[in-house]
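Working notes, beginning with the structure itself.
A short reminder: the numbers here are calculations on the coordinates, not readings from a lab. Everything numeric here is computed off the predicted structure, so don't read it as measured data. Note that we place each Cβ from the backbone using ideal geometry, even for glycine, and neighbour counts take in every protein chain shown.
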Amino acid sequence: MAEGVFTYSGGRVEPGETDDIRFPVSETYLGDPIRIPVTIINGSKPGPTVYLSAAVHGDELNGIEVVREVAQEWDHDGLEGTLVCLPVLNVPGFMAQQRYLPIYDRDLNRSFPGAEDSTSARRMAASIFSEFVEPCDLGIDFHTSTRGRTNMLHVRADTDDPQVARLAKAFASHVIISSDGPSGSLRREATDAGVPTITVEMGEAHRFQRDLIDRALDGVVSVLAEYGLRPTDAVRWPGWRTIVGDQDEKTWLRANAGGVVEMHHTQGALVHEGDRICTITNPFKAESDTVCAPFTGVIVGVLENPLVYPGNPLCHLVRLDADTLRAVEREQLNAE
Ligand SMILES: [Zn+2]
């Protein structure tokens, strides 16, 4: 790639230029192109190339608005580097309002880095990956909880990798869940290919949640400041932060009875050991099963659909150490 120029199959974006591209990644049964929206903003000054992607799961809408606002509403005068904005990766899923690609229900987010002579999902993934992910220096992939659940804004990242840890911390979320991520996911495969990538989880599928979108936009500002793309902005400190392993300190509390769940807390709530988290009842039951917090922590995710079988997840509780707990309590005191 020539110095400062962003090139892709069929075009180039010069320094100081912005291009809105509809890039073909597949074809419909009618033979029409399936095209993903891409906005390339090439700053007038050189710097890192950062991709922002959303809706790799087609029904996860909050991130679409985060990427759209960055691409279309921000003032990019003085940008030092390039932004590759990919607001809807899974166009067929988005059109059908569903998580997976409608073709055999494939998960596009298990199909990276893709392969050109493979399934339709892997071909799409390969096109996205080689054109718009591999040329970047780092990236953020926006998700929401799966349908029927919701989660507080948090980052998932492999913090054992120092470059990914730097990116994850720069986003300035309270909670970072550390893991290398599932094989075939954009986050893991991009990171393995030398493009440190984090996932941001925020809220519910099928919803548009302004408060979460605004907080995620603050996170993007902070990341771009950390890497010098927007030198006049500052890197944020979230006030308190906890980094937990994928298996150890986080716990999904599961239902031990089938029925209807009344949840007594929302995502982001602090609960102390022994606090009542939810109750499960059913149409013939006068008394309900009570589920209590096994330890003190923050509720990162909760169910939204209240119907459960035994074994279904109720909420995702992340343990807080004593120092972090004090910081959270201080913050909540100040907020009142
Ligand atoms: Zn997702």
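The share of alpha-carbon pairs in the stretch 62-142 lying farther apart than 19 Å comes to 45%. Model label points for residue 273 and residue 322, set 7 angstrom from Cα along the Cα-to-Cβ axis, are 1.2 nm apart. Stretching the chain fully between residue 237 and residue 9 yields a gain of 78.2 nm (0.36 nm per residue, less the alpha carbon separation). Taking Cα atoms, how many degrees apart are the long axis of helix 210-226 and the longest axis of the chain, rounded to 10 and kept between 0 and 90? Once rounded, one gets 50 degrees. With the helix formula -39500 (n - 2.57) applied to DSSP H stretches of n ≥ 4, the chain reaches a computed 222 nm mean residue ellipticity of -6500 deg cm²/dmol. Based on Cα contacts under 8 Å between residues 6+ apart, the chain shows a relative contact order of 14 percent.
Packing, taken as the mean count of other beta carbons within 10 Å per residue, orders the peptides 253-263, 143-153 from highest to lowest as 143-153, 253-263. The distance linking the stretch 35-84 with the stretch 171-205 is 17 Å (Cα centroid to Cα centroid, whole angstrom). For the stretch 118-201, the square roots a ≥ b ≥ c of the C-alpha gyration tensor eigenvalues yield an a/c of 1.5 or more together with a/b not exceeding b/c, which makes the shape oblate. Based on the Kirkwood approach, the hydrodynamic radius assigned to the chain is 20.9 Å, with every pair of different Cα atoms included.
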